[in-house]
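Please read the structure below before turning to the comments.
The values are calculated or read from the model by the stated rules, or taken from the named source; none is laboratory data. Here the structure is a predicted model, which means the values were calculated and not measured. Here Cβ is always computed from backbone atoms with ideal geometry, including for glycine, and neighbour counts include all displayed protein chains.
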Amino acid sequence: MNRSRPEPETGAAKDRGIQFIAGFLLMAGIAVAVFGLVVIPLFAITENDEGTVRVASVLSRSPGIETLVPSDVPTKWVYLSSTTDEFDLTAQKLPTHLRLLSVADVSWLSLGTLVAAWMVFGLLRSIGEGRPFDRGNAGRLCWLTGLAVAGPIIFSAVQSLAASRVLDYLHMDGGNLEPPAVWAFWPFVVATLILAVANAFRYGRTLQDDVTGMV
């Protein structure tokens, strides 16, 4: 059987709208990557002497913020603001490596956004060209599956590492504040859904190859 490159389906026309969305998402991903990988780290190095990390309370009940900062910590250099169930700890006069570490989660998020945008760009472009079962689409979805699992876990791990280092630098480790949890269940749910779609694309590609080979 002669297996050639899949052509657009009979009567299918290029969808300029989908191609435009694909290009827009790619440009947006590049812009986010430049901001997170270049602008924010440069700002942390040259324009700012403080860093903010996410921390959690070891107390079972919602405590007052004033009870979480030890009395021997110079409070004029440390600020604590409450979020949903965690806290943002902002410390001034941090060394450069800790300021960079405090924004490393944003840099990782920006890099993951760029990779996801590139995969989605290839997927939407092939669909817009009338090739929804292009051979590379299943692979792109598998990349997105891995990113859906590894991305949030690494993001949380970087946040936890930054919080641990800053708490240690401020001599606040072992107190009422601790690094946030790394484990989360929802990335595996998202990854399972994406993997199911990838298998559907792979099956569609197999059917298309069989039909092409019979012609």
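Consider the stretch 1-39 and keep the residues that are β-branched (Val, Ile, Thr) and either within 20 Å of VAL103 (Cα to Cα) or not in a helix (DSSP H, G or I) (or both). The one that is modelled with the lowest pLDDT is THR10. Residue under question is ALA148, and the condition is that it be part of a helix (DSSP H, G or I), crowded, with 19+ Cβ neighbours inside 10 Å and more than 16 Å from the chain's Cα centre (by Cα); does it hold? The answer is no for ALA148.
Looking only at residues of the stretch 99-149 that are touching a residue at least 40 places away in the same chain (Cβ under 8 Å) and among the aromatic types (Phe, Trp, Tyr), we find that the one that is nearest to ALA33 (Cα to Cα) is TRP108. Taking the criterion of being assigned to a helix (DSSP H, G or I) and surrounded by 19 or more Cβ atoms within 10 Å (Cβ to Cβ), the residues of the stretch 128-142 that qualify are GLY128, ASN137, ALA138, ARG140, LEU141. Of all residue pairs spaced 6 or more apart or on separate chains, those with beta-carbon atoms under 8 Å, a first member in the stretch 48-63 that is more than 13 Å from LYS93 (Cβ to Cβ) and modelled with pLDDT of 75 or more and a second member that is loosely packed, with under 13 Cβ neighbours inside 10 Å and among the charged types (D, E, K, R) are ALA56/ASP85.
Can you tell me which residue among ALA104, ALA184, ALA150 is farther than 23 Å from ILE45 by Cβ and modelled with pLDDT of 85 or more? Before you say what the answer is, go through the steps one by one.
Details: ALA104 fails: farther than 23 Å from ILE45 by Cβ; ALA184 fails: modelled with pLDDT of 85 or more.
Unique residue meeting the criteria: ALA150.
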